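The structure appears right after this line, and notes come after that.
The values are calculated or read from the model by the stated rules, or taken from the named source; none is laboratory data. Please read these numbers as outputs of a predicted model, since none were measured by experiment. For the accessible areas, the whole protein counts, side chains as well, though only heavy atoms, and no ligand, DNA or RNA atoms are used. Shrake-Rupley method; radii C 1.70, N 1.55, O 1.52, S 1.80 Å.
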Amino acid sequence: MGFRELIDSWRRIIRLATKPNKIEYMTSLKISLLGLTLVGSIAFIVRFIFISFIFPQQLYGG
């Protein structure tokens, strides 16, 4: 894909793009926040398990 074709494809995308309405925006926001919460929760659980069972001395400052 040449530079000219890349610019033309960007123009086509911008021409077809529309601003989302309130319902689409809120749905997208809810899905994004749900994903962020899910990933954060999994990371917290993994870290808690890791510290509790692998390095328990760090919990007590030792």
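Solvent-accessible area assigned to carbon and sulfur over the chain amounts to 71 percent, based on a 1.4 Å probe.
Surface exposure of the chain, expressed per residue as accessible area with a 1.4 Å probe, stands at 99 Å².
Stretching Leu29 away from Asp8 to a fully extended chain increases their span by 4.5 nm, per 0.36 nm per residue minus the current alpha-carbon distance. The C-alpha atoms of the chain define a longest principal axis, and helix 22-49 lies at about 30 degrees to it. Against the chain, whose longest principal axis is taken from its Cα atoms, helix 3-16 shows a tilt of about 90°.
When only alpha carbons of the chain are considered, Rg and Dmax amount to 22.7, 63 Å.
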